[in-house]
Each structure stands twice: as structure tokens, then as C-alpha cells.
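Heads up: the structure comes next, in C-alpha cells.
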Amino acid sequence: MELEKSYNANDVEEKIYKIWQESGYFNPDKLPGKRKEPYTIIMPPPNANAPMHLGHALFVTIEDILIRFQRMQGKRTLWQPGTDHAGFETQVVYEKKLDKEGRSRFSMTREDFYKEVWEFVQGNKHITENSLKRLGASCDWDRNMFTLDPEIIKVVYGTFEKMYNDGLIYKSGRICNWCPKHQTGLADLETKYEERQEPFYYFKYGPFTIGTSRPETKFGDKYVVMHPEDKRYKQYKHGDKLELEWINGPVTATVIKDEAVDMEFGTGVMTITPAHDPIDFEIAQRHKLDSETVIDKRGKLLPIAGEFAGLKILDARPKIVDKLKEKGLLEKVDENYKHNVQLCYKCGNLIEPQVVDQWYIAMTKSLPDGRPSLRDMAINALEKKEVEIVTERFEKVFRHWMENLRDWPISRQIWWGIPIPVKYCSDCKEVIIDIQDNISSCKKCGSAKLTKDPDTFDTWFSSGQWPFATLMANDAKHGTEDIKNFFPTQVMETGWDILFFWVARMVMLSYYKTNKPPFQKVYLHGLVRDKDRQKMSKSKGNVIDPLGIIDTYGTDALRFALVFSTAAGNDIPLAEDKIKGMKHFGNKLWNIARFIIMNLEITNYKLQITNPEGSTEADRAILTKLEALIKSSTNHLENFRLHEAAQEIYHFTWHEFADVYIEASKVQLQDENLKAFTLSTLHYSLTTVLKLLHPFMPFITEHIWKILQEKNLAEKNLLMIQEWPK
RNA sequence: GGGCAAUUAGCUCAGUUGGUUAGAGCGUCUCGUUUACACCGAGAAGGCCAAAGGUUCGAAUCCUUUAUUGCCCACCA
């Protein structure tokens, strides 16, 4: 077979992937030899709501390198794949799509909406899976899982029920972050802050002056709050009643003394709107004050606003200010006031805090079986190094976040997701956990009037259980013993941007459910950014399609470029030139192989390097360097310094092996006394480099290996299961 | 307000526990098509490793301060 002058990735990658898949070696149960020690990575399931982006290419590359390396080291490797229904994220994506079509979920039935999203997600799932294959992912497709698979939901429901019975999950009507656009409550993490310059108004409130940037919330205000130590207001006593004129007429205000008031801020006096402000809500709770809803869930004023009822808050604001001005209650306006406003992290609309019933998980409550709280178990895990974040600087970040953790709201008022398995008795108000969805009468009073909880789980509640849920689901589905064999897993590899969303929750939920860490090490990668260091996002339209890159340069080049000069945890600005350079490297390797094969084909020398007789200084030098490379790159890989390993292998291959040794070999091959050892050295160096390079550039290395096999120049098995060089 | 990081060649970035002339990709310049490779080879230019001070036999690497940049967390009506 004539070998082409240059390597063409497109011709071989699909073929090679097929060979791998047919070998069965992605599946740990089908690996040859006696492999005892497991090595497991649970793949962070890509969201099945969009085509894949370079972030996926990065995580697939890193995880595939780790898995292939360990597989060649003789481990029983399981890389568990899956896709995520991604509740809120997907619903947002789909609602945008509806919006473009002039539709809205509010004019659809819940069932129809769910069905449409289901179809949409199924289509994306397949696209995503095919993309993972093009990237060379050697994950076990036999175990492929979806977050809405019944076996997964069963595990999730089991956890919910256990937590409810343990008193860790409770329902509360406290104030929550409400997005008026998406019509759902959100966790703190799902909101962001932005600095805005808005007018800050000072109004006369009886004898006081109060400041606010949100006059539209003030209709129901009937408590005036000041610090108990504030000397300016010492003549007012807690509980004093005052008659005063307010926006829509006279009100009776009650004086409240509370230490939450900052004496330095404004006039040191404020009125409170407990239904629409978290701080005010807390003050009201402390003093058991009345609370009145002023703004509805769509962000419009309620009848309490009188003439302003029905207006959107931002439209109402200037009108309300005008009215107060006319009434002579506007004292002054500070136009230079800057403050942070809270926004929905997805749509950027203002968060409008609302009092809504939500399910919460207690983060700091000790477990009834005597174990510490979820939060403390996670902190202990780091403390005891049962879980280590190898991207070390994130340990501090993790710990700090953990220490300040508040209870986690896990219910969402969205339709796309796992339904909360709860029914309520309309008569006796009993809460009934109904996992099978087949309970039709109240367990307590026998009433048949049951209503289903309309909410769904926060996606992170289910994906937070992913490491053990997938393995449990495998066992239920396939009769495997995955939980026994593969849990706890070895490595969780994911982006630092979901450290809190996901990693933290996995640690807590895993300890809760299994009493074990979900994984031993956490490797956090950075974000792939565009060439201007901008975050790639659909909304910015700067997303680069990895498949296009693969078409042009090949998967191996993309993979090598992604890990080549990237330290863990650092963001990666993608330069296409780098990928191009790595394609050249692949071609270099190809031609090294071509040269060696060409020389070996025309000879019949016995290949062996154990007998150094007839070796030259050049032979010995390259073998020494190769030995050092094996040691060093193995060490780097074991310690997650993939980029270091990649650079060293690159440097050796090109600048030691090709530039120096192969050049020297051309002379040595002319000498019959040197020829045998020279050929042996060439062959040995090549096969070793192929092995070392295989985790990084699996396609080209496997392809060359296959060609060597066809010429009886390599062992019969696939390169992917060859023994790692020692 | 609190915290974390970064600052190294024209550009984008590596540099594990401090140890010989600080590296890579791309770019620039010169030369070269001798059958592995022009997706190449040979060679060259280009860095007081942000600044100052300190520790050390020795610092890009450790410490202190400063400057600039980026990010995270919290959030005051």
C-alpha cells in the first residue's frame, strides 16, 4: 500500500471510530485481560438543547485523554456518557424558539408544551452524541443515559422522599427570587447583579424622610423602621402609631426599631415592603408584621396601587413620582445614585422578589441519623481530602461558598423537568409523597380531593445525583454491579463555572445518599473563549462550531490544540493558527511513520533493541531521551498536567526524533553494521511515540498502528489497549 | 465591601516541588526543493520574566509593597 504524502484526517477518523466501537473496549466489561482496578469518570452530561460548542470539545478531549491513558495502564475504565434535559435552560431555549414563531407557552397546554420540548430534545440528543463520537470520545455507549430516563427519575424521587422523611426538605412561603418573564422562582446562583444608575428619591413620610429607588413598591408601606440606637429618632418608640398622608391617601404607620437598618445610609429611616424585598421580609418576620402583595407575578401593580393598578412597574414609577411631587411629598432626587440590581441570569430581566411557596433543602441542618449537615459533610470531605480539587486554587473558593450557604430552593415553576412527586389533600392539607403517581385518596383523612404539585425540580437537584444515579440506573437497566464496582468514581472533570451549581451539590447529595464522596478528584478546566477572549455564547453569536474545525483540521489537531498550552483552570482563547500548527504536527508524525515503514519494508532485519551491539551514540542518545520522556510524560499525566505531557511529547517527536535522530539514521542506514540497530531504534521509537501520543491524538496514532499491523510491524491488538510504555 | 487570579518574545500562551545559555504555536528575516514531510529543513532576529524591596550560594518561580487587568462572592432601603 502506498502511503499518501500527507495525512488526511477526514478519510480515516470515522473508520477508526467504528473499529473502536466494534471492539467493545469502550465497555469495561468487554476489556481484555484481568483488569481489577477501576477507573471511572462520569461525563458531565451535555445539555440536549443545542448543538455542541468548543467547551464540549475541551471536556471530551481532557476526559478522553485521562480515560485512554488509564485504559492503556491496564485499568478497568468506565467513562459514563449521558445527556441532560437541562430543565430551565432548555425551557428558556425553547421559549425563545416559540417567541420567534410568534407563539408562547402560556397559550399552550402544559402537555403539548412538554411534548414539543421532548421531541426537540430527542433530536438534539442524537446530534450531541454524534458530535461526541466525532471527537473520539471512548465512552461506554452501552451505558448511555438520559436525565429523564425512568431509572434515573426513580433514584431522584427516592432521594427526595428520604430527604423529606429526614426533615431536610421542607416547603416554605418565604420570599424568593422571581423572574417575571420566565414566571418561576430562582436560586440565588441563578441571578446576577448589574450596576445601574437610577434616580434615588427622598419622600416625606409623616415626620420622616425616606429614601427609595423603587417608589412603585411603596403603596402598602405602613411600617417605618429605624435603628434602636439612632439618637436622631429616640423620641419615637417601637410600636408608636402615626397618622400620615401617603400616595393614595392617609395611612397609619407603625414605628419599628430594628438593627438591620444602617444608620449611615440615607436618613437612617426606611419603610418596608415585606412582600417584595428580602431584607424587608426578614424584618417583617422578626416582628411578625403584616405583609401585602403590591406587584403581581408578571411585574404589574395590583389594585392596592389604586389608579396605578395594572401598570408595569417601570411605567408606573415616573407617574407615581409625579403624584407624590404634586402632593408636596417629594423632597429631593439624587440623580447620581448607583446601585446593583438583581437580574435573571438567563434573560437579564429584573428579578422581582415575591412571596411564593417553594420547596427547600436545609443545608445546615444536622441529619437525623446523627451525621452533620449536608454543608458540613461537604466541607469535611475537603478537609479530610476525601475529595480534592486538583485545580487547587478553587478549594478556597469552594470552601468560602460552602460556609456561606443558604437553604437551596429546589422547586421551579416551569414545565420542562422532573415533576415534584407530591400531592396535597384539599381537605386536611396533608402532604403526600406519591412517587408512582397512583395515590388517589388522602392517607390521613381518606378524601379523594387531591391536587398535584404543579412544580418541577431544579435541574441541579437531579444532576446533583448524577454520579450515583447513573450507576444505579445502569444496575437497574442492565443488571450490572456498577455501584459496587465503579463508585466512588475517580475524577470529576468539568468547568469551573459550574463549581457551585453542580460540583458542590454532587458532593453534598452523594454523602447524603451513599455516605461516600461521588469522586476523589475534581479537575476544573477553563472556558474556551474566542480570539478576543470573549466568552462564547449563542447570544453573542461568536460560537465556533467544533465540527467545522474538525472538517478543516481533523479531530486530533483540535484535541491537541485544546490541551497543548493550557494549564488547568485557565481560560483558553482559541486561535485557529494553533489548531493549524497541530495539524502540521500530525502530518509530521505521519511522515515519520512513512519514512520508517518505507525503510522497514525493504529489509528483513530482526527488530530488537535489547542488544546494544552495533549502536551508535545517536542511537543511545535517542533511547535515553525516550526513556526520560516516558517517565516524565507519565508523571505529568498522572498529575493532570496534560499540557506538559503534550508539549514534551511534541518536542521529542519533532525536534529530537525527527530532526536529530531520523536525520542521523539516514547516514547510519547506509552502513550494514549499523543498519539493524538503527532500524530497531526507529521502530521502537515510533511505536513508543504512538502509544504516548494516543490519548491525545487517538485517530492518527491508531491509524498508523493499523498500517504497521498490516505490514507485521506491530502487535495485533488495537493501539487503544496496548500497554502504556514503561 | 470581601476574596481569587493574572502581568514572561510582535500576538496567544507554557514554565511540577526555587538550580545550568527562559520555551511552544503563529508571525518576521536569510538560505535551502539531497526521494519521510514545503502541512518541510537549516539558521537568525526578538524577553533587564509589570515595578520596587526582601529571603537565598542561587528567584520568572518564595515573601512584602505598588501598579494595571480579569474574575468570583456579597449587596444598603
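The values are calculated or read from the model by the stated rules, or taken from the named source; none is laboratory data. Given the structure is predicted, the values throughout are model-derived calculations rather than measurements. All Cβ positions, even for glycine, are placed from backbone atoms using ideal geometry, and neighbour counts span all protein chains on display. All accessible areas refer to the heavy atoms of the entire protein, side chains included, with ligands and DNA or RNA removed. Shrake-Rupley method; radii C 1.70, N 1.55, O 1.52, S 1.80 Å.
Using the crude model of +1 on Lys and Arg Cβ and -1 on Asp and Glu Cβ, and no other charge, please compute the dipole size for region A:632-726 relative to its Cα centre, in debye to 20.
240
If R₀ is 22 angstrom, what is the calculated FRET efficiency for the pair residue A:447 and residue A:171, using the beta carbon separation as r and rounding to 0.05? Each step should come with its number before you reach the end.
Numbers: r = 19 Å, r/R0 = 0.88.
With a Förster radius of 22 Å, E is 0.70.
Taking a label point 7 Å from the Cα of residue A:565 along the Cα→Cβ vector, which residues of region A:665-704 have an amide N closer than 11 Å to it?
Backbone N within reach: none found.
Is the shape of region A:299-456 best called rounded, prolate or oblate, per the rule: a/c under 1.5 gives rounded, else a/b larger than b/c gives prolate, else oblate, with a ≥ b ≥ c the square roots of the Cα gyration tensor eigenvalues?
Judged from the Cα gyration tensor, region A:299-456 comes out oblate (a/c at least 1.5, b/c at or above a/b).
Highest mean first, how do A:117-127, A:458-468, A:428-438 rank when packing is the count of other Cβ atoms within 10 Å averaged over residues?
On the way: A:117-127: 16.2, A:458-468: 27.0, A:428-438: 12.9.
Ranked by mean Cβ neighbours within 10 Å, highest first: A:458-468, A:117-127, A:428-438.
Can you figure out the FRET efficiency of residue A:516 with residue A:334, using R₀ = 41 Å and their beta-carbon distance, to the nearest 0.05?
In this case the efficiency is close to 0.15.
Angle between the Cα long axis of helix A:672-693 and the longest principal axis of chain A, 0 to 90 degrees, nearest 10?
20
Below 8 Å, C-alpha to C-alpha, sequence gap of six or more: please give me the relative contact order for region A:1-131 in percent. Intermediate results must be reported in sequence, preceding the final value.
Values: 104 pairs, mean separation 39.4, N = 131.
Dividing the mean separation by the residue count of region A:1-131 yields 30 percent.
Which length gain, in nm to one decimal place, applies between residue A:232 and residue A:347 when the Cα-Cα distance is subtracted from 0.36 nm times their residue separation? Could you put the intermediate results ahead of the total?
Details: separation 115, 0.36 × 115 = 41.40 nm, distance 4.33 nm.
Gain in length upon complete extension: 37.1 nm.
Does anyone have the angle between helix A:87-100 and the longest principal axis of chain A? Alpha-carbon axes, 0 to 90°, nearest 10?
Relative to chain A, helix A:87-100 is tipped by roughly 80 degrees.
Can you give me the solvent accessible area of residue A:300 with a 1.4 Å probe, rounded to the nearest 10 Å²?
80
At 1.4 Å probe radius, can you tell me the per residue accessible area of region A:141-219 in Å²? Don't jump to the answer; show the numbers that get you there.
Numbers: 2800 Å² over 79 residues.
Per-residue accessible area for region A:141-219 comes out at 35 Å².
Using per-residue counts of other Cβ atoms within 10 Å, averaged over each peptide, order A:368-375, A:199-206 from highest down.
Going by the mean number of other Cβ atoms within 10 Å, highest first, we get A:199-206, A:368-375.
If I compute solvent accessible area with a 1.4 Å probe over the protein chains, what percent of it on chain A is carbon and sulfur?
49
Calculate, for residue A:11 and residue A:575, the FRET efficiency according to 1/(1 + (r/R0)^6) with r their C-beta to C-beta distance and R0 22 Å; round to the nearest 0.05.
Approximately 0.25, to the nearest 0.05.
Among A:199, A:164, A:178, whose Cα lies farthest out toward the positive end of the dipole of region A:141-208, if unit charges sit on the beta carbon of Lys, Arg (+1) and Asp, Glu (-1)?
With unit charges placed on the Cβ atoms, the residue in question is A:199.
Between the DSSP loop rule and a limit of at most 11 other Cβ atoms within 10 Å, which trypsin sites (Lys or Arg not before Pro) in region A:1-30 are left? Before the final figure, lay out the partial values.
Working: sites: A:5, A:15, A:18, A:30; in loops: A:5.
Here the sparse-neighbourhood loop sites are A:5.
Obtain the nm distance between the two label points defined at residue A:122 and residue A:327 by a simple spin-label model: each point lies 7 Å from its Cα along the Cα-to-C-beta direction.
Reported label-point gap for residue A:122 and residue A:327 is 5.8 nm.
Just how large is the dipole of chain A about the Cα centre, in debye to the nearest 20, putting +1 at every Lys and Arg Cβ and -1 at every Asp and Glu Cβ? Present the calculation step by step, with values, prior to reporting the outcome.
On the way: 99 positive and 103 negative charges, 160 e Å.
Here the size comes out at about 780 debye.
Just going by the charge dipole of chain A, with Lys and Arg at +1 and Asp and Glu at -1 on Cβ, which of A:520, A:652, A:135 is farthest out on the positive end?
A:520
Compute the helix-to-body angle for A:576-601: its Cα long axis versus the longest principal axis of chain A, expressed 0 to 90° and rounded to tens.
20
Residue by residue through region A:171-185, which ³J(HN,Hα) values in whole Hz follow from phi under the Karplus form 6.51 cos²θ - 1.76 cosθ + 1.60 (θ = phi - 60°), with glycine and proline marked x?
Taking θ as phi minus 60°, the curve returns 9, 9, x, 8, 6, 9, 6, 10, 9, x, 6, 7, 6, 8, x Hz for region A:171-185.
Compute the length gained on full extension between residue A:544 and residue A:498: take 0.36 nm times their separation in residues and subtract their Cα-Cα distance, giving the result in nm to one decimal. Can you show the working numbers first?
Values: separation 46, 0.36 × 46 = 16.56 nm, distance 2.13 nm.
Fully extending the segment from residue A:544 to residue A:498 adds 14.4 nm.
Would you mind putting A:481-489, A:554-562 in packing order, based on average other-beta-carbon counts within 10 Å, highest first? Don't skip to the end; give the middle numbers.
Values: A:481-489: 18.6, A:554-562: 27.6.
Per-residue mean Cβ counts within 10 Å order the peptides as A:554-562, A:481-489.
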